[in-house]
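Colleague: Got a structure for you, written out below as structure tokens; questions coming shortly.
Readers should treat all values here as calculations from the given coordinates under stated rules, not as data from a laboratory. Remember, it's a predicted structure, so these values are computed and weren't measured experimentally. Note that we place each Cβ from the backbone using ideal geometry, even for glycine, and neighbour counts take in every protein chain shown.
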């Protein structure tokens, strides 16, 4: 199943890339929400991943293992860091932490131009981040039981960004 998912993902991303001029500098951004978290204590604002979340974090690594990331970003919470960890280790990268904000989003392209990036966030911050990057109010908050969205954005030089949403369960 993971192999089929990868080929579909690869085909879609290749089609998005095909229309771009090879002389342009392109930035590719993959954004996901953290995997399933422990929900035993509603007062815990920084829970770890539960066993299903650990499996999903490793599945994300398997789905994305053919993509050579230049940088991996995560918010500074256990559940996002633990989701990013298998992918960052596979790519031999340290995780860069960020704080979600409009100012941060607005400067993101310029500070990452030409890179291939993974960003791990939350159900409410990830769609906001994507919307800011594509400069449209297109995506809504992710349902609390949905940990399988993968947003892909590609922006080349001064062109409008291409974007697509995949669901990988």
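Colleague: Using a 7 Å offset from the Cα along the Cα-to-Cβ direction at both residue 104 and residue 70, what is the distance between the two label points in nm, to one decimal?
Modeller: Label-label distance for residue 104 and residue 70, simple model: 2.0 nm.
Colleague: Now, a different point. Sort 108-115, 127-134 by packing, meaning the average of other beta carbons within 10 Å per residue, with the highest value first.
Modeller: The densest-packed peptide leads the list: 127-134, 108-115.
Colleague: If a/c stays under 1.5 just call it rounded; otherwise compare a/b with b/c (prolate if a/b is bigger, oblate if not). Do that for the range 68-115, with a ≥ b ≥ c from the square roots of the Cα gyration tensor eigenvalues. Working shown, then result.
Modeller: Details: a/c = 3.51, a/b = 1.27, b/c = 2.76.
It comes out oblate by the Cα gyration axes.
Colleague: 7 Å from Cα along Cα→Cβ at both residue 55 and residue 167: what's the point-to-point distance in nm?
Modeller: So the label points at residue 55 and residue 167 sit 1.9 nm apart.
Colleague: Is it possible to state the helix-based mean residue ellipticity at 222 nm for the chain, with each DSSP H run of 4+ residues giving -39500 (n - 2.57), the sum divided by total residues, to the nearest 500 deg cm²/dmol? What is it? Don't skip to the end; give the middle numbers.
Modeller: Values: 5 runs with 64 residues, N = 169.
Result for the chain, helices only: -12000 deg cm²/dmol.
Colleague: What is the helix-to-structure angle for 78-90, meaning the angle in degrees between its Cα long axis and the longest Cα principal axis of the chain, kept from 0 to 90 and rounded to the nearest 10?
Modeller: That works out to roughly 50 degrees.
Colleague: Could you tell me what fraction of 2.2 N^0.38 Å the Cα radius of gyration of the chain comes to, as a two-decimal ratio?
Modeller: Working: Rg = 15.3 Å, N = 169, 2.2 N^0.38 = 15.5 Å.
Taking the Cα Rg and dividing by 2.2 N^0.38 Å, one obtains 0.99.
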